[in-house]
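Some notes on the structure that comes next.
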Amino acid sequence: MSSTAPTNNVFEDIRRAWERDRLAQAYILVGPVRGSALALARRILSLLFCEATAGRPCGACPGCRGAEEGRLADVLFLEPVKAAQLIDVEQVRTLNLFAGQTSYGGGWKAGVLLYADRMTPSAANAFLKVLEEPPPRTFFLLLTDQPHGVLPTILSRCQKVVLPSDQEALRPWMDSVAELSEDRNAGGLAGLAGASKLGVLLEKKRKEIEKVEAEAAGDLNTDEDEDRLKARITARYKESRSLALRALLLWHRDVMAAVSGADTSLFVYADHLGRIRELASRVTLSEALIRVDTVEDMQTQLDQNINEDMVLEAGLTRLSGLEATLSKR
């Protein structure tokens with residue numbers, strides 16, 4: 001399993017806490033939920049459930065393999081499964097009951113909440129109860145990329161771990177944004193609105209996700225199985241969409257930084273300094289800031305479940321108009 005050096009450092013801190021019997025009752029991992037956050041969660045579970053006497057996690061025993069594959073009897077995963085994309089109170093009650101039962105292996109029991117920010121108010125309050133009086137040898141991992149959406153009283157009872165950006169997942173979108181931005185014949189980023197290029201890229205990604213998740217799910221025997229598959233597809237697609245907009249945001253931040261005279265060694269798109277400097281030479285700081293604000297507003301609206309087509313069309317049309325203004329200078 002690949003991981004960045006900062007993530008390795010976080011894991012080693014948790015391993016040392018475990019070795020000294022000072023593991024926190026609950027950790028909230030802030031980062032890409034199905035990226036670095038989930039990868040770290042699996043490593044932590046491997047540490048807890050590894051069957052080796054030394055060198056834990058060994059990565060080869062049934063406990064480690066079960067943690068990596070998400071099939072340990074003493075670990076319960078919760079994630080949004082309904083159309084509303086929320087974790088409801090019945091799911092959390094199931095987790096609370098699970099946590100209070102005797103473990104199959106005679107050791108730890110763990111609960112992992114993916115997208116912990118999506119708990120309904122009643123679900124959050126139910127989870128808070130088990131955090132306030134946790135059963136012995138229970139452990140919780142909360143994964144989120146929106147920590148402000150988690151109940152403050154839950155946050156206060158968790159040890160917060162902020163993970164680095166998932167650069168490996170972000171890179172393909174950065175490459176696409178840079179390619180479109182360098183394509184002057186197509187109008188650069190202005191062409192995104194007219195030709196719906198970003199929409200085409202996103203739709204391609206959605207189909208890839210649907211194929212991968214359907215193959216992983218296998219036979220669907222119940223409506224609940226179908227709901228779970230749809231929820232996983234939606235969650236993964238929203239993550240990909242967020243990565244696409246983040247890549248677009250980082251491009252415009254680099255342009256704004258160039259206008260401000262920032263050190264180019266800090267630029268994310270360091271391989272495209274020529275294009276960035278050329279754009280920066282034709283915009284004011286105020287204009288560059290408008291571009292950054294436009295992309296940030298798009299992500300905010302999508303987080304509020306405003307219609308995707310409408311948000312992308314409006315935001316990219318605005319960027320297109322700004323780019324057209326540049327071309328006349």
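No value in this document is a laboratory result; all are computed from the given coordinates. A quick note: this is a predicted structure, and the numbers were derived from the prediction, not measured. Here the Cβ is made from the backbone with ideal geometry for all residues, glycine too, and neighbour counts use every protein chain on show.
Could you tell me which of Leu86, Gly107, Leu48 has its Cα farthest along the dipole of segment 32-110 towards the positive end, charges placed at Cβ (Lys, Arg +1; Asp, Glu -1), taken about the Cα centre?
Leu48
Which whole-number percent of Cα pairs in segment 22-67 have a distance greater than 15 Å?
For segment 22-67, the share of Cα pairs beyond 15 Å comes to 47 percent.
With an 8 Å Cα cut-off and a minimum separation of 6 or more residues, compute the relative contact order for the chain in percent.
17
Could you list Ile87, Ile209 so that the one with the fewest beta carbons within 10 Å of its beta carbon is first and the one with the most is last?
By the 10 Å Cβ count, ascending: Ile209, Ile87.
Could you give the size of the charge dipole of the chain about its Cα centre, using +1 on the Cβ of each K and R and -1 on the Cβ of each D and E, expressed in debye and rounded to the nearest 20?
Result for the chain is approximately 560 debye, rounded to the nearest 20.
Based solely on its DSSP helices, what 222 nm [θ] is calculated for the chain when runs of n ≥ 4 H residues each add -39,500 (n - 2.57) and the sum is averaged over all residues, nearest 500 deg cm²/dmol?
Calculated from helices alone, the mean residue ellipticity at 222 nm is -19000 deg cm²/dmol.
Return the sequence-ordered ³J(HN,Hα) values of segment 18-28 in whole Hz as given by the Karplus equation 6.51 cos²θ - 1.76 cosθ + 1.60 applied to θ = phi - 60°, using x for Gly and Pro.
Listing the rounded values in order: 5, 4, 8, 6, 10, 5, 5, 5, 8, 10, 10 Hz.
Search the structure for amide H atoms under 5 Å from the amide H of Lys160, placed 1.01 Å from N in the peptide plane, and list their residues when 5 or more places away or on another chain.
Here Ile28 satisfy the definition.
Tally Lys and Arg at +1 and Asp and Glu at -1 over the other residues with C-beta under 9 Å from the C-beta of Gly59: what net charge comes out?
0
Counting only C-alpha contacts under 8 Å and six or more residues apart, can you give the relative contact order of segment 53-122 as a whole percent?
Result for segment 53-122 is 37 percent.
Placing +1 at every Lys and Arg Cβ and -1 at every Asp and Glu Cβ, with all other atoms neutral, what dipole size does segment 1-103 have around its Cα centre, in debye to the nearest 20?
Value, rounded to 20: 140 debye.
Using only Cα atoms and rounding to the nearest 10 degrees, what angle (0 to 90) does helix 38-49 make with the longest principal axis of the chain?
20
Taking a quarter of the surface of the Cα convex hull of segment 5-162, what do you get in nm²?
Dividing the Cα hull surface by four gives the mean projection, 8.8 nm².
Taking other Cβ within 10 Å of each residue's Cβ, how do Arg16, Arg93 sort, fewest first?
In increasing order of surrounding Cβ atoms, one gets Arg16, Arg93.
What list of ³J(HN,Hα) couplings, whole Hz, do you get for segment 308-315 from phi and the Karplus terms 6.51, -1.76, 1.60, once you set θ to phi - 60° and write x for glycine and proline?
4, 4, 5, 5, 5, 4, 5, x
Can you pick out the pairs among Lys160/Lys205; Lys109/Lys160; Lys160/Lys238; Lys109/Lys230; Lys109/Lys238; Lys160/Lys204 whose Cα atoms lie more than 26 Å from each other?
With Cα atoms farther than 26 Å apart: Lys160/Lys205; Lys109/Lys230; Lys109/Lys238; Lys160/Lys204.
For Leu78, what residues show an amide H to amide H distance below 5 Å, using hydrogens built from the backbone and excluding near sequence neighbours?
Counting only residues 5 or more places away or on other chains, the set is Val112, Leu113, Leu114.
For each of Trp251, Trp173, Trp108, count neighbouring Cβ atoms within 10 Å of the residue's Cβ, then give the residues from fewest to most.
Going from least to most buried by this count: Trp108, Trp173, Trp251.
So how many Å³ per residue does the convex hull of the Cα atoms of segment 77-138 work out to?
Per residue, the Cα convex hull of segment 77-138 comes to 74 Å³.
Assigning unit charges at the beta carbon (Lys, Arg +1; Asp, Glu -1) and nothing else, what dipole magnitude in debye, to the nearest 20, does segment 251-319 show about its Cα centre?
Dipole magnitude for segment 251-319 comes out near 360 debye.
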